[in-house]
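A short write-up of the structure that comes next.
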Amino acid sequence: MKKVDDVSNMKEAEVASKVAEDAPLVVEAIFEVANVVSEVAEVAPLIEVAHEVALVDKKVASEHTSKVVVLRNTSGMSGKANITPALPKRAVRLPSYFQSPFLQHFGSSSYGSTDSGMVAEIKIIKGICPLDNNIGKLPDMELCVDYYNWLDKGVLLKKNRSKFYSKEDNTIIPPIKQGDGLISEKMWFHTIEYGSNPLSNSHVDVFFYYLRKVSKHNPKCDMKFTSTNSKFQKKMVAMLSKVAQSDNIESEINAKQDIIEIIKGRGMSCNTSWCLVDFVLLPTWLPEEKHWLLATLSFDDRAIHVCNTMANDDTELIVKKALLPFCKLLPHYLLLTEFYERSDIDFTSKFYSEKSKTDCFRLVMYNDYPRATPIHSGTYMMSIAEYFVMRKRFPKESFDLDAHRSRIAFSFYSYGMSKQIYAYDSESECVDHVAGHGKALPKRTSPKKRKGGKVMTRKRKAEEVMGK
């Protein structure tokens with residue numbers, strides 16, 4: 001029996017020795033390929049790279065700290081700025097989808113060391129964003145195993161429950177960074193994934209922050225747009241109340257600078273001056289109906305377009321009431337910017353020439369969208385926004401709500417966890433300059449024509465995307 005054990009031990013030693021000999025050659029080959037290819041046309045998303053790295057033996061990976069991990073970079077170009085160097089004096093960890101980060105975050109001592117030597121320097125990387133071009137597609141389930149195990153762990157089995165986790169199971173330690181904030185509760189992800197509650201202001205603000213990043217870093221997005229957030233709507237509603245009690249709208253508007261700061265491209269992360277865009281996405285919350293709607297301000301035709309997903313009979317009246325602050329006040333705010341110095345908008349068109357500069361914006365309703373219950377309305381709003389900015393038709397007859405939920409929830413989760421594990425973060429992109437100060441206003445370009453001589457304006461493009 002002893003001889004058998006000795007032979008078994010010898011075989012294991014030989015295998016381990018062989019793996020240790022080959023591992024440096026594999027790593028060396030990776031760097032040789034990187035040196036030959038000086039420029040890569042497209043960097044693979046993080047989840048694809050994670051899958052490849054996971055195929056390497058875990059034991060070998062822990063012994064070689066010189067591996068390089070390529071991160072998602074929507075700019076499509078690779079370079080030193082888009083690569084994280086190996087963490088000093090620590091074993092390389094496999095991606096979260098295969099070597100579970102939950103051990104670190106949820107009580108295991110395996111990765112929970114507080115030794116100062118384990119704290120890696122945070123690397124700032126430009127152009128990373130969790131929203132890719134796979135709108136409406138389910139994530140690879142093989143990569144989501146740990147995510148779903150974590151999300152479903154500790155779920156209370158009681159029927160008709162108002163709480164889905166105990167306080168202990170609901171707490172995320174350390175919190176996961178999303179946008180400008182930290183998410184410390186698992187319910188935040190559960191709400192997106194399963195639609196257990198209506199989306200909160202936090203969900204909406206995080207999504208539209210990342211959507212603004214798409215406009216700056218995704219080469220496949222050629223639409224010039226920005227967006228507001230939930231706080232902006234609250235500020236506009238409060239301002240309308242003040243204006244209603246005043247005889248001088250301009251004086252009230254000038255006294256409150258936080259709104260004008262956002263319009264000028266400041267006061268909000270990854271913002272852009274409205275003088276430089278064609279569209280402004282306005283996420284709109286209807287408090288009485290507990291429903292989210294997407295409204296889009298189009299400067300080409302001086303109108304606010306509303307994608308209606310409500311089933312109410314008096315929808316138009318409800319929407320007009322909710323968007324009155326935008327329709328009435330935004331024209332006054334634009335007068336305080338360089339908006340009317342733009343050369344890429346035809347101010348002689350009927351949309352401007354037949355109106356005064358302070359007249360209300362008109363509303364255009366699109367009522368052919370699927371009807372959503374209040375609890376699902378936020379997901380519909382976010383998905384419609386993604387399709388719109390990528391100039392894709394919204395699949396009104398084949399919309400897969402669950403696929404959209406899973407993609408967004410898993411993308412947010414994997415993005416936040418990867419930043420923790422690989423010690424990197426996105427750069428700060430709060431605009432510091434108003435249009436005209438360091439940036440030239442856009443030049444007017446001739447309208448493009450299709451075959452047959454039909455002029456293709458921004459307005460017509462928007463109508464085609466929205467399905468008009």
- Message: Anything in the range 228-250 that is in contact (Cβ under 8 Å) with a residue 60 or more places away in the chain and either within 22 Å of V277 (Cα to Cα) or of a type in the set (S, T, N, Q) (or both)? List them, or say none.
- Response: Q233, M236
- Per-region count, the range 108-149, residues touching a helix residue (DSSP H, G or I) at 6+ places or on another chain (Cβ under 7 Å) and either part of a strand (DSSP E or B) or at pLDDT below 50 (or both): 4
- Task: Would you please list the contacts, defined by Cβ atoms under 7 Å and residues six or more apart or on different chains, that run from a residue in the range 313-339 that is at negative phi to a residue that is part of a helix (DSSP H, G or I) and of a type in the set (D, E, K, R)?
- Result: H332/E250
- What number of residues within the range 335-351 are crowded, with 17+ Cβ neighbours inside 10 Å and either under 20 Å from P283 (Cβ atoms) or not hydrophobic (A, V, I, L, M, F, W, C) (or both)? 3
- Item | Filtered residues of the range 293-320 (kept if of a type in the set (A, V, I, L, M, F, W, C) and crowded, with 19+ Cβ neighbours inside 10 Å) | L293, L294, A295, L297, F299, I304, V306, C307, M310, V319
- Query: From the list K290, K264, which one is in contact (Cβ under 8 Å) with a residue 60 or more places away in the chain, crowded, with 22+ Cβ neighbours inside 10 Å and of a type in the set (K, R)?
  - Reply: K264
- Task: Report yes if some residue within the range 370-389 is over 22 Å from P198 (Cα atoms) and modelled with pLDDT under 95; otherwise report no.
- Result: no
- Screening G179, G154 for residues that are surrounded by 13 or more Cβ atoms within 10 Å (Cβ to Cβ), touching an Asp or Glu at 6+ places or on another chain (Cβ under 6 Å) and not hydroxyl-bearing (S, T, Y) leaves only G154
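The values are calculated or read from the model by the stated rules, or taken from the named source; none is laboratory data. Fair warning: this is a prediction, and the values are worked out from it, not measured in the lab. Cβ sites come from the backbone with ideal geometry, for glycine too, and all protein chains shown count toward neighbours.
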